Amino acid sequence: MRPARRTFPLAVLLVLVLAGCQKPHPEVRRTFLALGTLVEVSLYDVPPARAARLLDAVEADFRRRHHDWHAWEESPVTRLNRAFAAGRCLPVPKVVAPLLGPATRLAVASDHLFNPAIGRLIALWGFHAERYPDHPPPAARIRALVAARPRMTDLYRDAAGRLCSRNPAVALDFGGFAKGWAIGEVARLLRRGGAHDAVIDAGGDLQVLGRHGDRPWRIGIRDPQRRGAVLGAVEVADGECVFTSGSYERFFVWHGRRYHHLIDPRTGYPATGALSVTVIATDPALADAAATALFVAGAGHWPAIARRLGVTQVLLVAPDGTLEASPAMARRLRRLAPERTLHVLAETPAASRGSERSSR
Ligand code: ADP
Ligand code: MG
């Protein structure tokens, strides 16, 4: 027994020395479709076998949520929506339960501009379908759904703990923050699995972990007016998320006007106050919901909603192409094209708008 006791520490030391000499593991990347978008997860410096196991788990997690939260194919969410329409109550599906509280809080904080209860309106516009429609739905049907005022706050639990809606017009659609929620869960899964440097990117909405080698992650913000071009860039720290809602990806054109998938619950029509909104925050579900809500709020109006949501880093591209940023976002924006005009909006009403010309 004695010799074994002596050799054990030596063996450990040898392993440690070898590990110290090892090169970083190469990047391992996995791409797949889930939640209506292309998801790309990149891991840095994780041993290949562990990386493969982690990526299997990540892909399975995204795919499970894709089915659990589907807003129009048979799912726990569509079963709930049918029950609400029929005035029935249902036990809360386990996969939906964690989303209800946060979704309601975000809806209330955003003055219901982020409104996951407008599933019927979203379905009416037809952005659910494989092929987008080529004309808007009848105005009377839009008006009727807006007048029915579906809200997350119409939901309640009965004495048996089942979920019910006071309003049959409520239909849940978590599309406005499902990606954010899923990214947050997957980030936790990766950290638990020992991945410290990673990017989880769902169609341009992303969270970063750690660093990219010896420097922070650098993320380009897309220019909604020029395909493939970036407006500027930001360096993001461990755990930060960059989420963008834009009118440039899912839309159709009818009589020369663009109709996109971000619906203003007040009018029932696609929101017209912005071309894109980018939010940086450390909570991905918040960043996702806020990007949608601030897009709906529109140019000049977003600061008040951002304050209520507790979001401090916002960049909005107005319909005329000018940029509006919160002070914290303006400070970290880099490589902004010199011809772009950047208005820095403090968290005050649109009237007291400061202005500066970008020189970066
Ligand atoms: P994307 O999915 O293109 O990244 P978002 O994260 O902003 O953009 O989510 C858009 C989805 O959110 C829509 O496809 C729809 O399902 C849903 N949605 C549209 N308008 C709203 C709204 N006002 N509030 C909540 N969800 C919305
Ligand atoms: Mg969103």
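Packing-based ranking of 78-91, 132-145 yields 78-91, 132-145, ordered from highest to lowest mean Cβ neighbour count within 10 Å. Note on ALA140 and HIS67: the model spin-label points, each 7 Å out from Cα along the C-beta direction, lie 4.1 nm apart.
The dipole here belongs to region 195-359: it is taken about the Cα centre, uses +1 on the Cβ of Lys and Arg and -1 on the Cβ of Asp and Glu, and is about 460 debye. One equal scatterer on each Cα of region 55-98, no solvent, Debye formula: the resulting log10 I(q)/I(0) at q = 0.13, 0.18, 0.30 Å⁻¹ is -0.33, -0.55, -1.05. Evaluated with a Cβ-only charge set (Lys, Arg +1; Asp, Glu -1), region 153-209 carries a dipole of roughly 260 debye about its Cα centre, given to the nearest 20.
Calculate the dipole size of the chain relative to its Cα centre from +1 charges on Lys and Arg beta carbons and -1 charges on Asp and Glu beta carbons; express the result in debye to the nearest 20.
Working: 49 positive and 33 negative charges, 116 e Å.
Dipole size: approximately 560 debye.
For region 120-164, the residues whose backbone nitrogen is under 17 Å from a point 7 Å from the Cα of ARG79, taken along Cα to Cβ, are 161-164.
Can you work out D for the chain in µm² s⁻¹ from Stokes-Einstein, where Rh is the Kirkwood radius over C-alpha pairs, the temperature is 37 °C and the viscosity is 0.692 mPa s? In µm²/s, the coefficient rounds to 149. Between ALA337, ALA117, ALA274, the GNM of the chain built on Cα springs shorter than 10 angstrom shows ALA337 fluctuating the most.
Placing unit charges on each Cβ (+1 for Lys and Arg, -1 for Asp and Glu) gives the chain a dipole about its Cα centre, and among VAL253, GLY321, VAL242 the Cα reaching farthest toward its positive end belongs to VAL242. Report summary: the helix-based calculation at 222 nm, which adds -39500 (n - 2.57) for every DSSP H run with n ≥ 4 and divides by the residues of the chain, gives -10500 deg cm²/dmol.
Tell me, what is the FRET efficiency for ARG50 and ALA233 to the nearest 0.05, using R0 = 25 angstrom and their Cβ-Cβ distance as r?
Numbers: r = 31 Å, r/R0 = 1.24.
Efficiency at R0 = 25 Å is approximately 0.20.
May I ask you to work out the translational diffusion coefficient for region 195-359 at 20 °C, viscosity 1.002 mPa s, via Stokes-Einstein with Rh from the Kirkwood sum over Cα pairs, reported in whole µm²/s? Present the calculation step by step, with values, prior to reporting the outcome.
On the way: Rh = 16.1 Å.
The Stokes-Einstein estimate is 133 µm²/s.
Calculated on the Cα set of region 299-346, radius of gyration then Dmax: 10.6, 32 Å.
For the pair ARG211 and THR322, a Förster radius of 25 Å applied to the C-beta separation gives a FRET efficiency near 0.15, rounded to the nearest 0.05.
For ARG162 and ALA304, compute 0.36 nm times the residue count separating them, minus their Cα-Cα distance, and round to one decimal in nm. Provide the component values of the computation, followed by the final result.
On the way: separation 142, 0.36 × 142 = 51.12 nm, distance 3.51 nm.
My answer for the length gained is 47.6 nm.
How much length, in nm to one decimal, is gained on full extension between ARG266 and VAL95, taken as 0.36 nm per residue of separation minus their Cα-Cα distance?
Working: separation 171, 0.36 × 171 = 61.56 nm, distance 2.92 nm.
The ARG266-VAL95 span can extend by a further 58.6 nm.
Values in this text are rule-based calculations from the coordinates and carry no lab data. Treat the numbers as computed from the prediction; the structure is a model and nothing was measured. Heads up, the Cβs are rebuilt from the backbone with ideal geometry, glycines too, and the neighbour counts pull from every protein chain shown.
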